[in-house]
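Data block below; observations after.
The values are calculated or read from the model by the stated rules, or taken from the named source; none is laboratory data. Bear in mind that the values here come from a model prediction, so they are computed numbers and not experimental data. Cβ placement follows ideal geometry from the backbone for every residue including glycine, while neighbour counts extend to all protein chains displayed.
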Amino acid sequence: MVDGTDSATEDRYTASSPMATQPGAAAKGMEASSKLILLFAGCFAAFLMLPPVLGMPFLPYPPISVADVLDLFTPLILILLYWLLLIRAGVRPLSLGQILVFLVLAALWVEGQGMHLAANSIHHFVTDDSTAGAVANFYDEVLGHYLWHVAAMGLTAMAPVAGARGYGSHWPGTANRSGGAVWVHLFRHGS
């Protein structure tokens, strides 16, 4: 028994893995996973850091900013990348529970970010001391951000948790280990 699983259970899932039957597949899988993680990190950083510097008016419709337009694409791209990371984390199909958790977190992300984006745009046209300004500020800076960021943290935790709960991994040496072993393995081995 290693890490709370017996070797027969681990062998059954490891042997049925596509990585176990194809020579060199583990290395290719690790390379593809590393590229996906790098793509995700780059996109996440860009969508997080670019909007504050893109406050200039959007020329086709000047009441909104270029940052507002960029923010429209944030959930479309990042939630897709979260999904790809999640399905790469395990060799077994996702359970219905995992899919439902993903869908709820994705919906919270979209709701929170949409709320933030709309309220932030409106807040630019009202004063902070008005009731409309206070409501816009609440939806923008409080509720919208809480929903969005809690969902982002939940989505970020899903891939390592799926790998740690016995769903194996496309990365060698990470099956059935606890505590985000997928990420630890990648950082320890350089990509």
When every residue in the range 61-114 that is more than 19 Å from the chain's Cα centre (by Cα) and of a type in the set (A, V, I, L, M, F, W, C) is compared, the one nearest to residue 145 (Cα to Cα) is 67
Practice problem: Test residue 112 against the criterion of being among the small types (Gly, Ala, Ser), at pLDDT 95 or above and surrounded by 15 or more Cβ atoms within 10 Å (Cβ to Cβ), and give yes or no. | Solution: yes
Filtering the range 70-107 down to residues that are β-branched (Val, Ile, Thr), in a helix (DSSP H, G or I) and either at pLDDT 90 or above or more than 29 Å from residue 49 (Cα to Cα) (or both) yields 74, 77, 79, 99, 101, 104
Note on the range 55-80: residues closer than 15 Å to residue 39 by Cβ and surrounded by fewer than 18 Cβ atoms within 10 Å (Cβ to Cβ) are 73, 76, 77, 80
Check your understanding: On the given criteria, is residue 144 farther than 24 Å from residue 39 by Cα and crowded, with 18+ Cβ neighbours inside 10 Å?
Key -> yes
Reported set for the range 108-128 where residues are closer than 21 Å to residue 54 by Cα and outside any helix (DSSP H, G or I) is 124, 125, 126
